[in-house]
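Quick notes on the structure that follows.
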Amino acid sequence: MTEAVRQPPRRRLALWAGWLLAMAAVTIVLRVTREAADLSHVELVYLLLVLGASATGGGAIGVVMAAASVACIDFFFQEPFDLISVDKRVDMLVLVTFLLTAMVATALLTRARRQAAEARRSAADARRFADEAARAEAAAEASRLKELTLAAMSHDLRTPLTSISAHAQALAAAGDPAGVTIAEQAALLSRLVEDALGFVETDIGTQARDVEVNTADDVIGALVRQTRPLLEGKHLVVDIGSADQPLLGRFDFVQTLRILTNLVENALRYTAAGGSADVAVAAVGGWLQFTVADRGPGIAPSEAEAVFTPFYRGGSRPAGRSGLGLAVARRLATVQGGTLTHASRPGGGTVFTLRLPPAGGTE
């Protein structure tokens with residue numbers, strides 16, 4: 001029996017009422033600003049509401065919140081506004097994508113709550129009836145359950161998103177404009193899932209690392225290709241220097257590409273239309289150094305370390321984001337033996353610096 005089921009009826013009723021009122025309040029606020037709101041941001045807000053309701057109240061309220069979210073998105077935020085419409089295929093596919101993601105996440109959160117409750121009960125029994133060795137064994141079992149839950153979450157979320165992306169790309173290749181929109185929505189959800197999983201995996205030390213000698217040119221080339229769809233009228237300016245020999249380093253290629261992609265995406269977010277985000281690489285002080293610079297508002301001294309805190313979206317940080325990108329980037333740098341820092345850019349903006357060990361190790 002889950003914790004949500006064991007809650008007193010009055011508490012369950014208050015919980016349901018509270019989340020439904022929260023959805024109504026959020027809908028009113030988004031409705032007032034819908035002319036300037038991006039649909040992907042609206043969907044993310046509703047997805048967070050669904051996840052919050054599922055985490056505190058269990059699967060039933062999560063399912064109801066997911067269905068209500070789909071109805072609100074279709075009625076208030078997809079043209080024609082203030083009308084339930086199922087005529088446009090792109091609208092339905094986007095809504096189905098959102099609903100599938102919300103339902104899968106709700107199911108996974110419900111399962112995680114149940115497993116966490118079972119693990120806590122097992123740990124309590126072990127503390128009462130066993131010695132230090134038995135308690136250590138219970139902790140190991142709890143860790144194993146967490147890893148199994150993460151593995152299931154990774155598979156269950158990635159698989160439907162991969163399928164949706166593949167079908168969307170096929171539609172786009174056939175000239176159907178709906179495919180482009182669907183692919184963009186799936187890509188947004190994929191990045192959110194990857195950031196969340198990357199944060200949790202590095203937090204418990206299970207992130208696999210394949211550190212070996214790689215060239216900076218190769219990872220920069222992959223970065224240019226991967227971030228091209230994010231430009232939207234902006235530019236990515238790359239400076240790989242004029243060294244006679246390629247710049248080498250010992251790093252995990254996939255993790256480093258992910259760090260740089262997060263940094264470039266962050267820089268482009270603060271870049272005006274027609275402007276550029278600047279990427280450079282060099283060998284500096286016995287390290288392989290990548291820099292990503294923007295011309296945004298900069299980072300206040302009070303936020304210097306806070307920007308690397310998970311879920312932080314204070315001060316100059318934009319609304320509608322998960323707040324995990326920079327936290328994941330720093331953790332991925334750390335597990336490779338590197339560092340990620342930032343500084344003010346002369347003339348305005350911010351420069352993020354990623355330092356990784358060179359091919360022969362640090363000096």
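Some observations on this one:
- Qualifying residue in the range 250-261 (condition: out of contact with any strand residue (DSSP E or B) (no Cβ under 9 Å at 6 or more places or on another chain) and surrounded by fewer than 16 Cβ atoms within 10 Å (Cβ to Cβ)): yes
- When ALA25, ALA36 are checked against the criterion of being closer than 30 Å to THR181 by Cα, within 24 Å of the chain's Cα centre (by Cα), loosely packed, with under 15 Cβ neighbours inside 10 Å and not aromatic (Phe, Trp, Tyr), ALA36 stands alone in meeting it.
- Cβ-Cβ under 8 Å pairs, at least 6 apart or on other chains, the range 111-137 side within 17 Å of GLY57 (Cα to Cα) and modelled with pLDDT of 75 or more, far side among the charged types (D, E, K, R) and surrounded by 13 or more Cβ atoms within 10 Å (Cβ to Cβ): ALA117/GLU3
- Extreme residue, farthest from PRO358 (Cα to Cα), among residues of the range 235-276 that are within 24 Å of the chain's Cα centre (by Cα) and free of Cβ contacts under 8 Å to residues at least 40 places away in the same chain: ALA272
- One residue alone among PRO318, PRO346 is surrounded by fewer than 21 Cβ atoms within 10 Å (Cβ to Cβ), at pLDDT 90 or above and in a loop (DSSP other than H, G, I, E, B), and that residue is PRO346.
- Condition check for SER69: of a type in the set (S, T, N, Q), at pLDDT 75 or above and buried (at least 19 other Cβ atoms within 10 Å of the Cβ): yes
- Residue match in the range 283-292 (condition: free of Cβ contacts under 8 Å to residues at least 60 places away in the same chain and part of a loop (DSSP other than H, G, I, E, B)): no
The values are calculated or read from the model by the stated rules, or taken from the named source; none is laboratory data. The structure displayed is predicted, hence computed values, not measured ones. Reconstructed Cβ throughout: ideal geometry from the backbone, glycine too, with neighbour counts over all protein chains shown.
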